[in-house]
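Everything on this sheet refers to the single structure shown next.
No lab work stands behind these numbers, since they all come straight from the coordinates. From a predicted model like this one, the values you see are computed outputs, not experimental measurements. When we count neighbours, we look across all protein chains shown, and the Cβ atoms used for this are built from the backbone with ideal geometry, even at glycine.
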Amino acid sequence: QVQLVESGGGLVQPGGSLRLSCTASGSGLMINAMGWYRQAPEKQRGLVAIINGDVTTYEDFVKGRFNIYRDNAKNTVYLQMNSLRPEDTAVYYCYADFIGMGSYWGQGAPVTVSS
């Protein structure tokens, strides 16, 4: 059974930073891609950043502010979020695609950017 466990969400002031992490657990995992999506109230879930091998892709709105990276030995993906804005307020979902096993979602990590 595959599980994605997220941590690191919370409340931060505008201009502040947070780091999200997501660890995949299960037997025989071969990770194809891992990344983060977010869903703000009354909006659709959308891509924030994803890493597939050495290739990273970012939503335009977070380029230059967010950084995604992976620790393959730990099956963990991180999202370092800097210069946070109120518009970044959302629930952040970890996403992982595994070779031969399909795709999975984490439970969601709320991030609130407010003074």
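Observations on the structure shown:
- Net length gained if the chain between K43 and I99 were fully extended (0.36 nm per residue, minus Cα distance): 17.2 nm
- Farthest toward positive dipole pole in the chain [+1 Lys/Arg, -1 Asp/Glu at C-beta], among L84, G102, I50: L84
- Take the Kirkwood radius over Cα pairs of segment 70-115, plug it into Stokes-Einstein at 10 °C and 1.306 mPa s, and you get 126 µm²/s for translational diffusion.
- Among the GluC sites (Glu not before Pro) within segment 3-67, those in coil by DSSP and having at most 10 neighbouring Cβ atoms inside 10 Å are E42.
- Two-decimal ratio, the chain, of alpha-carbon radius of gyration to 2.2 N^0.38 Å: 1.02
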